[in-house]
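Below: the structure, in structure tokens.
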Amino acid sequence: MAPFQFDTSYARLPEALFARVMPTPVRAPRLLVFNHGLAAELGLGEAADWAALLAGNVLPEGATPLAQAYAGHQFGHFTMLGDGRAVLLGEHVTPDGRRFDIQLKGAGQTPFSRLGDGRAAVGPMLREYLISEAMHALGIPTTRSLAVVATGEPVVREAVLPGAVLTRVASSHIRVGSFQFAAASGDREALQALLDHTIARHAPAAEERERPALALLDATMARQAALVARWMGVGFIHGVMNTDNMTLSGETIDYGPCAFMDTFDPATVFSSIDRHGRYAYGNQPQIAHWNLVRLAEALLPLIDPDPKLAIALANAAVARFPELFEAAWLGVFRAKLGLVAARPEDRALVEMLLTAMRDTGADMTASFRALAEGAEWPVEAADRGAFAGFEAAWVRRVADEGGTVPAARQRMQAANPAIIPRNHRVEQALAAAEAGDMAPFRRLLAAVTRPFAPTPEDSPFRAPPLPHERVQATFCGT
Ligand code: AMP
Ligand code: MG
């Protein structure tokens, strides 16, 4: 059986939406990591040489390689973009009929490369592999990673680095920016085709609705509200929530300078390029809303031919985002507190805990896990009093819904990870990998992909960083 069962619907869309382009072969492809579990889930066939295939040196049977066109607001500024260093090999259809994009990231230049070399470095590609697989294990919608292949070629950034290609698997790569591209190019036919395509892939029920474009907007808002709420629940900071990095599928995409925060502080920013903290942890819900307004703008001509009516309908739709998000956020944090019923005082209860964490500089993951395990709060003994009010209120609240503390704690252990990919551990693993030793990466990968059920050997990965281990900034490495 061929490695992939390709049926690439995107290649049948109007040509304005993409460019056909071959991956550029590399000198010496070598598999650094291959995701056997994902290959099995996807029902992939055998390949004589996965490294050659996933480096782009050999084209798999049935591939229709292309680079997608898209636009995007980058830190608020609109730009026409496109896959500058990624090539979609095709859409693989699993034996049970699910469709996934198979994309090579770092596969060489495309018509959208602008001044870039089309390449990627080993460190950032292993980083995306690790964090996307950790997110999946946390139960958070995300693109997946099938493999990282070292190219045997250098890439020149601030330093000369070893090159790599990541195989990204996604339920699609359709972005808010894909619609912005079609809208900005003024090609009504392409915009309509992209809408029909996206509805067929991600919101088939929207087709039955009176206004399918509005129904797609609603579905995307619901998915993004749920997604960002899940990020907030694990302290994930995406870092580059540009509209080209927000999917219609509701999957997390583009793991550039993303990071998980250790000590709880809504103002946390890691990305070295986010100088004004636009994408700080606590800003993510508002940014998601802003991005969805950009999606609504792009969809306007498809919502109604009368611009006034289209704007009124779109405004009414996007105005619901804060309330959708609030409900999703409360759902996430209620589960984190082991609560089952919804009560009006729940927001205040969660805020009591978050405030105590912020005021004491508590580690977010360790704090929730301590509550789940009935352990001491992971702060200095002198600071534990800050949690007393919350803890008493929580015990009352659990009893109030007819529950018991042990049962709540049991539920909490399935809702609060013991292990997240902590920045200092990620950096240590990547530094070793860049020096040729993949063992620390493999150990960390194993730990972060069983986040709720740590084994004794995982304990080094549970601990927050010591002061000198703390990572101050992350880099996107493009
Ligand atoms: P990102 O910041 O990864 O979301 O990328 C933003 C845009 O820059 C996308 O259009 C990428 O394809 C493009 N890009 C990033 N790195 C490179 C590169 N090395 N060569 C060409 N294009 C790139
Ligand atoms: Mg991107």
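Which number in (1) in contact with a Ser or Thr (Cβ under 9 Å, 6 or more places away or on another chain); (2) modelled with pLDDT of 95 or more; (3) open to solvent by 40 Å² or more (accessible area, probe 1.4 Å) marks the one condition that PHE452 misses?
(1)
Test ARG411 against the stated conditions and say whether it is open to solvent by 30 Å² or more (accessible area, probe 1.4 Å) and assigned by TED's automatic domain parsing to the domain that holds ALA393.
Criteria met by ARG411.
Give just the number: which of (1) in contact (Cβ under 8 Å) with a residue 60 or more places away in the chain; (2) among the small types (Gly, Ala, Ser); (3) more than 20 Å from ASP117 (Cα to Cα) does GLY45 not satisfy?
(1)
For every residue, the table says whether it meets (1) more than 22 Å from GLN180 (Cβ to Cβ); (2) not assigned by TED's automatic domain parsing to the domain that holds ARG320.
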position	(1), (2)
HIS197	no, no
ALA203	no, no
ALA219	no, no
VAL234	yes, no
ASP254	no, yes
ASP262	yes, yes
PRO266	yes, yes
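Do you know which residues across the range 162-199 are more than 25 Å from the chain's Cα centre (by Cα) and within 15 Å of ligand 1 (Cβ to nearest atom)?
ALA184
PHE78 passes all but one of (1) farther than 22 Å from CYS258 by Cβ; (2) open to solvent by 40 Å² or more (accessible area, probe 1.4 Å); (3) within 13 Å of ligand 2 (Cβ to nearest atom); which number fails?
Answer for PHE78: the failing condition is (3).
Give ALA219, ALA225, ALA213, ALA206 a once-over and let me know the one that is over 30 Å from LEU430 (Cβ atoms), free of Cβ contacts under 8 Å to residues at least 24 places away in the same chain and open to solvent by less than 10 Å² (accessible area, probe 1.4 Å).
ALA206
Taking the condition of being assigned to a loop (DSSP other than H, G, I, E, B), closer than 20 Å to ASP96 by Cα and not hydroxyl-bearing (Ser, Thr, Tyr), how many residues in the range 2-24 meet it?
So the count comes out to 5.
Exactly one condition in (1) open to solvent by 10 Å² or more (accessible area, probe 1.4 Å); (2) closer than 18 Å to GLY106 by Cβ; (3) modelled with pLDDT of 95 or more is false for THR143; which is it?
The one condition THR143 does not meet is (1).
I'm trying to understand the selection: among the residues of the range 241-277, which are under 22 Å from HIS424 (Cβ atoms), surrounded by 23 or more Cβ atoms within 10 Å (Cβ to Cβ) and within 16 Å of ligand 2 (Cβ to nearest atom)?
Correct list: THR252, TYR255, PRO257, CYS258.
Would you pick out the residues in the range 408-440 that are touching a residue at least 40 places away in the same chain (Cβ under 8 Å), among the polar types (S, T, N, Q) and out of contact with any strand residue (DSSP E or B) (no Cβ under 6 Å at 6 or more places or on another chain)?
Once the filter is applied, which keeps residues that are touching a residue at least 40 places away in the same chain (Cβ under 8 Å), among the polar types (S, T, N, Q) and out of contact with any strand residue (DSSP E or B) (no Cβ under 6 Å at 6 or more places or on another chain), the range 408-440 yields GLN410, GLN413, ASN416.
Can you tell me which residues in the range 29-52 are within 19 Å of LEU126 (Cβ to Cβ) and open to solvent by less than 50 Å² (accessible area, probe 1.4 Å)?
Correct list: PRO29, LEU32, VAL33, PHE34, ASN35, GLY37, LEU38, ALA39, TRP50, ALA51.
On the basis of being open to solvent by less than 10 Å² (accessible area, probe 1.4 Å) and within 15 Å of ligand 2 (Cβ to nearest atom), does GLN68 make the cut?
Answer is yes for this residue.
The values are calculated or read from the model by the stated rules, or taken from the named source; none is laboratory data. This is a predicted model, so every value here is computed, not measured. As a convention, Cβ positions derive from the backbone with ideal geometry for all residues, glycine included, and neighbour counts pool all protein chains shown. Areas reflect the complete protein model, heavy atoms only, side chains present, ligands, DNA and RNA absent. Shrake-Rupley method; radii C 1.70, N 1.55, O 1.52, S 1.80 Å.
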